[in-house]
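First comes the structure, then the notes that go with it.
The values are calculated or read from the model by the stated rules, or taken from the named source; none is laboratory data. Computed from a prediction, not measured in an experiment: that's the story for all the values here. So basically every Cβ, Gly included, is an ideal-geometry build from the backbone, and we count neighbours across all protein chains shown. Side chains included, ligands, DNA and RNA excluded: accessible areas come from the protein's heavy atoms. Shrake-Rupley method; radii C 1.70, N 1.55, O 1.52, S 1.80 Å.
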Amino acid sequence: HSGSFYSWYINTPGLKVVVPSTPHDAKGLIISAIRDDGPVIYLEHKLLLNARGEVPEEPYATPLGVADVKREGADLTLVATGAMVGFALTAAGALEKEGLSVEVIDPRTLMPYDGETILLSVRKTGRLLVVDEGFRYCGFGSEVIAFVVENAMDALRQRPRQLTTMHTTIPFSPPMENYVFPNADRIADTVRTMLSA
């Protein structure tokens, strides 16, 4: 329960992998997963268990493979997964007060992911930061960066970056656990570094 091992499932042919970041998406994605004819791995982050948000009582389906632009921006594209979306939005709000405009994209489905939405954003902003709770090596963030470099290299103003969990066993102690994971402050600092380069 302390690790983010969705890259294992992403690399299994035939599986679809969804990771919601809000209560609204949690309901919509699980309905889509149940209705899908193929196998779907549905991973809900433990931080989402205490999350609050508007959720309609009637059934609705959030389509698989369609990203959600959680926040419009012009200076940098920030792709975040799962619980990192909330941290990314917090960081983007703080950075806005400094005059920096960050677009936050939540893929919601990691396999298959919505590459076109990411490319459209990167072509607009010219910069990419992927924040992923998984590990850097062979992870989802690495895949997104490779996809963008292959398909929109000419739009990039600087090299893409990723911010991930440290490559270590996840500690049991909450302060140590918080130390190894990305957070809003680290995200904001990374964005500042990128936009000042």
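Among (1) free of Cβ contacts under 8 Å to residues at least 60 places away in the same chain; (2) of a type outside the set (Asp, Glu); (3) in contact with an Asp or Glu (Cβ under 7 Å, 6 or more places away or on another chain); (4) in a helix (DSSP H, G or I), which single condition is Leu120 missing? Going through the list (1) free of Cβ contacts under 8 Å to residues at least 60 places away in the same chain; (2) of a type outside the set (Asp, Glu); (3) in contact with an Asp or Glu (Cβ under 7 Å, 6 or more places away or on another chain); (4) in a helix (DSSP H, G or I), Leu120 breaks only (3).
Among the listed residues Asp75, Asp132, identify the single one that is touching a Leu at 6+ places or on another chain (Cβ under 9 Å) and modelled with pLDDT under 95.
Selected residue: Asp132, the only one of Asp75, Asp132 that is touching a Leu at 6+ places or on another chain (Cβ under 9 Å) and modelled with pLDDT under 95.
When the range 66-102 is limited to residues that are of a type in the set (Asp, Glu) and open to solvent by less than 50 Å² (accessible area, probe 1.4 Å), the one that is nearest to the chain's Cα centre (by Cα) turns out to be Asp68. For the range 176-197, the set of residues classified as open to solvent by less than 90 Å² (accessible area, probe 1.4 Å) and farther than 16 Å from Val144 by Cβ consists of Glu177, Val180, Phe181, Asn183, Ala184, Arg186, Ala188, Asp189, Val191, Arg192, Thr193, Leu195, listed by residue number.
Conditions (1) basic (Lys, Arg); (2) in contact with a Gly (Cβ under 7 Å, 6 or more places away or on another chain); (3) surrounded by 19 or more Cβ atoms within 10 Å (Cβ to Cβ), marked per residue:
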{"position": "Thr12", "(1), (2), (3)": "no, no, no"}
{"position": "Val19", "(1), (2), (3)": "no, yes, yes"}
{"position": "Asp36", "(1), (2), (3)": "no, no, no"}
{"position": "Glu54", "(1), (2), (3)": "no, no, no"}
{"position": "Tyr60", "(1), (2), (3)": "no, yes, no"}
{"position": "Leu64", "(1), (2), (3)": "no, no, yes"}
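Scanning the range 38-52 for residues that are within 28 Å of Asn178 (Cα to Cα), in a loop (DSSP other than H, G, I, E, B) and open to solvent by less than 70 Å² (accessible area, probe 1.4 Å) turns up Leu43, His45, Ala51. Scanning the range 81-110 for residues that are in contact with a Leu (Cβ under 8 Å, 6 or more places away or on another chain) and part of a strand (DSSP E or B) yields Val102, Glu103, Val104, Ile105, Thr109.
Would you confirm, using the coordinates I've provided, whether Ser142 is touching a Lys or Arg at 6+ places or on another chain (Cβ under 8 Å), in contact (Cβ under 8 Å) with a residue 12 or more places away in the chain, open to solvent by 10 Å² or more (accessible area, probe 1.4 Å) and among the hydroxyl-bearing types (Ser, Thr, Tyr)?
Against the criterion (touching a Lys or Arg at 6+ places or on another chain (Cβ under 8 Å), in contact (Cβ under 8 Å) with a residue 12 or more places away in the chain, open to solvent by 10 Å² or more (accessible area, probe 1.4 Å) and among the hydroxyl-bearing types (Ser, Thr, Tyr)), Ser142 qualifies.
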